[in-house]
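*Asks:* Sharing a structure here in structure tokens format.
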Amino acid sequence: MLMSPKMVEFMDACRAISDESGLRDVLRDMTEKLGFNQYALLHHVDLAHPPAHSITLISYEDSWMERIIKNRYFKDDPILAASNRRLTGFGWREVPEIIRLSRRQRRILHEARAHGLRDGFTVPAQLAGEYRGTCSFAADRTIELTPDVVGCAQLVGMFCFEVARRITNQASAAPAEIPELTQRQLDCLVHVGSGKTNWETSVILGVSEDTVDKHVLGAMRRYGVGKRTLLIVRALFDGQLSYRDMLRMH
């Protein structure tokens, strides 16, 4: 049997959660069962002024949260930075291997230890068109990250974040639809986003400059923006373009 009864029970409980209070109860219970004592389920946003409908469920000490907000540590948080380079969960001891820590980031990790954040495990949550997010489990002692703990923490993080998204979406207006771009518009945007001019793009695609301009303007109208830079940013945010595609054009 690949799935333990406890995890099956957890997933069933997730389906029944309908509000933030219920999610906090389940998250608190699973955090303790995994061997941790604090959690942070959040979007990577300005915690001092979180946008409407962003997710921020955090059980860290109030004194640490006040310090995070006062010093704007969330902008340089090494755990969040490392999560941007991973698709699966990772132990906090791996962070120096994932990113090069700055002096400020080392200080953040050092100060966090005094607030019961000595060790932890973080599960990235990344979905095109939405803020990046994470579900972290923290402890005031070293945690042995056995395959069982890692696998269960990964599932708990993913399921709890999805529940939070569901609750948040239900409380907000229906999300705006992503504008539908034609394949030719996307072809042009890949080259424009990589820094190519209309003429360079026209040569690469074998069309006229006017045609390239027409496709780009058409995409701008569909997005309702007046600048190419903003168009590229929006298309990247919505997952219609990727950095890898544009880097290949250099």
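The values are calculated or read from the model by the stated rules, or taken from the named source; none is laboratory data. Values in this document were obtained by computation on a predicted structure and should not be read as measured data. Positions of Cβ are backbone-derived with ideal geometry, glycine not excepted, and every protein chain shown enters the neighbour counts.
*Asks:* Checking Gly195 against (1) assigned by TED's automatic domain parsing to the domain that holds Val233; (2) under 27 Å from the mean Cα position of the chain (by Cα); (3) under 16 Å from Asp238 (Cβ atoms), which test does it fail?
*Replies:* So Gly195 meets the others, but not (3).
*Asks:* So Ile17 ticks every box in (1) within 22 Å of Phe121 (Cα to Cα); (2) crowded, with 18+ Cβ neighbours inside 10 Å; (3) more than 18 Å from the chain's Cα centre (by Cα) but one. Which box is left unticked?
*Replies:* Here Ile17 meets the rest and fails (1).
*Asks:* Is at least one residue of region 139-154 within 28 Å of Phe237 (Cβ to Cβ), under 21 Å from the mean Cα position of the chain (by Cα) and assigned to a helix (DSSP H, G or I)?
*Replies:* For region 139-154, residues within 28 Å of Phe237 (Cβ to Cβ), under 21 Å from the mean Cα position of the chain (by Cα) and assigned to a helix (DSSP H, G or I): present.
*Asks:* Residues in region 200-215: is at least one outside the structural domain of Gly129 (by TED's automatic domain parsing), closer than 22 Å to Gln126 by Cα and either of a type in the set (S, T, N, Q) or touching a Lys or Arg at 6+ places or on another chain (Cβ under 9 Å) (or both)?
*Replies:* no
*Asks:* May I ask you to verify whether Arg222 is touching a Pro at 6+ places or on another chain (Cβ under 6 Å) and within 29 Å of Pro51 (Cβ to Cβ)?
*Replies:* Yes.
*Asks:* Of the residues Val207, Val192, which is in contact with a His (Cβ under 9 Å, 6 or more places away or on another chain), more than 20 Å from Glu130 (Cβ to Cβ) and not basic (Lys, Arg)?
*Replies:* Values: Val192 fails: in contact with a His (Cβ under 9 Å, 6 or more places away or on another chain).
Selected residue: Val207, the only one of Val207, Val192 that is in contact with a His (Cβ under 9 Å, 6 or more places away or on another chain), more than 20 Å from Glu130 (Cβ to Cβ) and not basic (Lys, Arg).
*Asks:* Looking at Gly195, Gly129, can you tell me which residue is out of contact with any Gly (no Cβ under 9 Å at 6 or more places or on another chain) and either exposed (fewer than 13 other Cβ atoms within 10 Å of the Cβ) or under 30 Å from Pro51 (Cα atoms) (or both)?
*Replies:* Selected residue: Gly195, the only one of Gly195, Gly129 that is out of contact with any Gly (no Cβ under 9 Å at 6 or more places or on another chain) and either exposed (fewer than 13 other Cβ atoms within 10 Å of the Cβ) or under 30 Å from Pro51 (Cα atoms) (or both).
*Asks:* For region 42-56, what are the residues that are of a type outside the set (S, T, N, Q) and out of contact with any helix residue (DSSP H, G or I) (no Cβ under 6 Å at 6 or more places or on another chain)?
*Replies:* At the first step, the residues of region 42-56 found to be of a type outside the set (S, T, N, Q) are 42-53, 55.
Selection gives Leu42, His43, Val45, Asp46, His49, Pro50, Pro51, Ala52.
*Asks:* For Arg118, only one of the following conditions fails: (1) in the same structural domain as Ser63 (by TED's automatic domain parsing); (2) surrounded by fewer than 16 Cβ atoms within 10 Å (Cβ to Cβ). What is its number?
*Replies:* Every condition holds for Arg118 apart from (2).
Residue by residue, here is whether (1) buried (at least 16 other Cβ atoms within 10 Å of the Cβ); (2) more than 30 Å from Ser4 (Cα to Cα); (3) hydrophobic (A, V, I, L, M, F, W, C); (4) touching an Asp or Glu at 6+ places or on another chain (Cβ under 7 Å) holds:
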| site | (1), (2), (3), (4) |
| --- | --- |
| Asp46 | no, yes, no, no |
| His49 | no, yes, no, no |
| Ser63 | no, yes, no, no |
| Pro78 | yes, yes, no, no |
| Thr88 | no, no, no, no |
| Arg100 | no, yes, no, no |
| Arg113 | no, yes, no, no |
| Arg141 | no, no, no, yes |
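*Asks:* Further question: Filter region 119-142 down to the residues that are touching a helix residue (DSSP H, G or I) at 6+ places or on another chain (Cβ under 8 Å) and farther than 27 Å from Thr168 by Cβ and list them by number.
*Replies:* Within region 119-142, just Asp119 meets the criteria.
*Asks:* Quick one: what pairs do we get from region 24-50, first residue free of Cβ contacts under 8 Å to residues at least 40 places away in the same chain and in the same structural domain as Val163 (by TED's automatic domain parsing), second assigned to a strand (DSSP E or B) and of a type in the set (S, T, N, Q), C-beta under 6 Å, 6+ apart or different chains?
*Replies:* Pro50/Thr56
*Asks:* If Arg113 passes every condition in (1) within 23 Å of the chain's Cα centre (by Cα); (2) under 22 Å from Glu66 (Cβ atoms); (3) of a type in the set (Lys, Arg) but one, which one does it miss?
*Replies:* (1)
*Asks:* Could you list, in sequence order, all residues of region 66-76 that are surrounded by fewer than 16 Cβ atoms within 10 Å (Cβ to Cβ) and either among the aliphatic types (A, V, I, L, M) or closer than 26 Å to Ala153 by Cα (or both)?
*Replies:* Ile69, Lys75, Asp76
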